[in-house]
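Visitor: Before we start, here is the structure in question, set down as structure tokens.
The values are calculated or read from the model by the stated rules, or taken from the named source; none is laboratory data. As the structure is a prediction and not an experimental result, all values here were calculated from the model. Ideal geometry is used to build each Cβ from the backbone, glycine not excepted, and the neighbour counts take in all protein chains shown.
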Ligand SMILES: *Cc1c(COP(=O)(O)O)cnc(C)c1O
């Protein structure tokens with residue numbers, strides 16, 4: 001039996017991030033143990049204040065995960081049963097689960113095939129008298145166009161609640177992710193741009209009442225100790241330990257985002273010649289504010305190589321890749337009862353068949369990016385034209 005060798009280029013590498021911070025992290029963990037304030041402790045309130053401020057908002061409410069930040073955040077914004085909430089079909093299922101957990105009726109809409117972001121024209125067409133809110137997803141780290149979103153919300157008096165789980169400190173047109181809506185949800189799942197050592201999430205808002213209700217919802221619906229005012233209350237608090245770790249990491253976040261952006265630009269440059277072979281990058285319309293949680297290409301129908309084959313060949317070359325996401329929400333078996341089926345959202349469905357996420361993490365070297373692109377070039381031109389291969393190399 002042969003033991004497979006580890007991949008040459010991992011999809012994500014967190015050891016690079018953690019190695020230099022190990023002592024600092026161990027220090028704050030020890031401090032929390034000494035202090036003993038494991039639940040709703042000092043490091044949590046510190047992190048809530050700092051992260052909310054970094055997003056350009058007033059309040060942060062740390063919760064157990066990003067999904068809870070969406071669910072409890074929507075509830076705190078007053079979303080309830082009977083309300084329709086618009087969201088894109090091409091998102092991680094957690095967005096949809098959050099909307100459903102708030103008791104609302106999800107209304108899925110299609111996306112823009114080039115940017116993979118929610119199609120705001122489609123969103124506008126989906127509005128009914130019962131529509132209360134829209135949940136834009138800043139997918140892959142690129143913000144949904146802020147002004148167009150705001151205009152749409154204003155025209156129809158909709159609440160905007162951002163799913164910013166992939167967009168920590170992302171910017172666009174002078175706006176910061178998390179500051180556009182009445183509220184916004186972040187996830188600190190380990191591989192997000194800012195990740196804990198386990199699950200974690202946060203709701204940010206500038207509305208004092210939304211913050212107050214969310215604080216109560218995450219803490220059994222209690223307004224004060226043993227006095228419960230919110231029937232939907234649950235137990236979902238960001239651990240003091242996780243907040244302490246996130247306090248150590250937060251000062252590095254902007255630098256990590258910049259590193260991701262620089263890597264993406266190198267990918268862009270190196271991949272440009274592959275456009276004529278049908279491999280194109282998901283378009284960045286946000287400029288330098290795109291924080292590239294993921295770097296995603298589209299293997300379109302003009303590519304001589306199918307996506308699956310390209311992925312297989314990259315795996316063989318030691319390059320780990322991913323697909324975010326292979327099945328759009330409306331085609332997931334769990335949500336059949338929503339009544340959608342194949343053909344409802346053509347762009348989301350087409351994208352799910354052509355997207356491929358390439359390795360991306362701060363600390364990835366230019367040589368590693370080159371290796372990934374070289375492996376793609378080899379794979380594509382081996383099928384297409386060995387002569388052209390010479391031309392595109394380097
Ligand atoms: C990660 C993620 C979530 C969910 O966050 P969890 O912390 O895993 O619950 C929600 N929406 C999007 C777009 C995500 O990427």
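Visitor: Going through 155, 113, 101, 132 one at a time, which residue ends up being modelled with pLDDT of 95 or more, within 13 Å of the ligand (Cβ to nearest atom) and more than 21 Å from residue 176 (Cα to Cα)?
Guide: 101
Yes/no matrix, rows are residues, columns are (1) surrounded by fewer than 24 Cβ atoms within 10 Å (Cβ to Cβ); (2) near the ligand (Cβ under 10 Å from one of its atoms); (3) modelled with pLDDT under 95; (4) closer than 22 Å to residue 162 by Cα:
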residue	(1), (2), (3), (4)
188	no, yes, no, yes
191	yes, yes, no, yes
199	yes, yes, no, yes
205	no, no, no, yes
209	yes, no, no, yes
219	yes, no, no, no
231	yes, no, yes, no
238	no, no, no, yes
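Residue by residue, here is whether (1) on the phi < 0 side of the Ramachandran plot; (2) more than 16 Å from the ligand (Cβ to nearest atom); (3) in the same structural domain as residue 340 (by TED's automatic domain parsing); (4) touching a strand residue (DSSP E or B) at 6+ places or on another chain (Cβ under 8 Å) holds:
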residue	(1), (2), (3), (4)
25	yes, yes, no, no
37	yes, yes, no, no
49	yes, yes, no, yes
73	yes, no, no, yes
76	yes, yes, no, yes
90	yes, no, no, yes
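Visitor: Sort out which residues of the range 9-33 are outside any helix (DSSP H, G or I) and crowded, with 16+ Cβ neighbours inside 10 Å, and write them in order of number.
Guide: Of everything in the range 9-33, those that are outside any helix (DSSP H, G or I) and crowded, with 16+ Cβ neighbours inside 10 Å turn out to be 9, 10, 11, 12, 13.
Visitor: For residue 214, only one of the following conditions fails: (1) more than 15 Å from the chain's Cα centre (by Cα); (2) under 30 Å from residue 286 (Cα atoms); (3) in a helix (DSSP H, G or I). What is its number?
Guide: Just one mismatch for residue 214, condition (2).
Visitor: Oh, and also: Answer yes if at least one residue in the range 51-63 is at pLDDT 95 or above, over 19 Å from the mean Cα position of the chain (by Cα), part of a helix (DSSP H, G or I) and more than 16 Å from residue 216 (Cβ to Cβ), and no otherwise.
Guide: Yes - at least one qualifying residue is present in the range 51-63.
Visitor: I'd like to know if the range 120-127 contains one or more residues that are in the same structural domain as residue 67 (by TED's automatic domain parsing), within 13 Å of the ligand (Cβ to nearest atom) and either in a loop (DSSP other than H, G, I, E, B) or modelled with pLDDT of 95 or more (or both).
Guide: Looking for residues that are in the same structural domain as residue 67 (by TED's automatic domain parsing), within 13 Å of the ligand (Cβ to nearest atom) and either in a loop (DSSP other than H, G, I, E, B) or modelled with pLDDT of 95 or more (or both), one finds none in the range 120-127, hence no.
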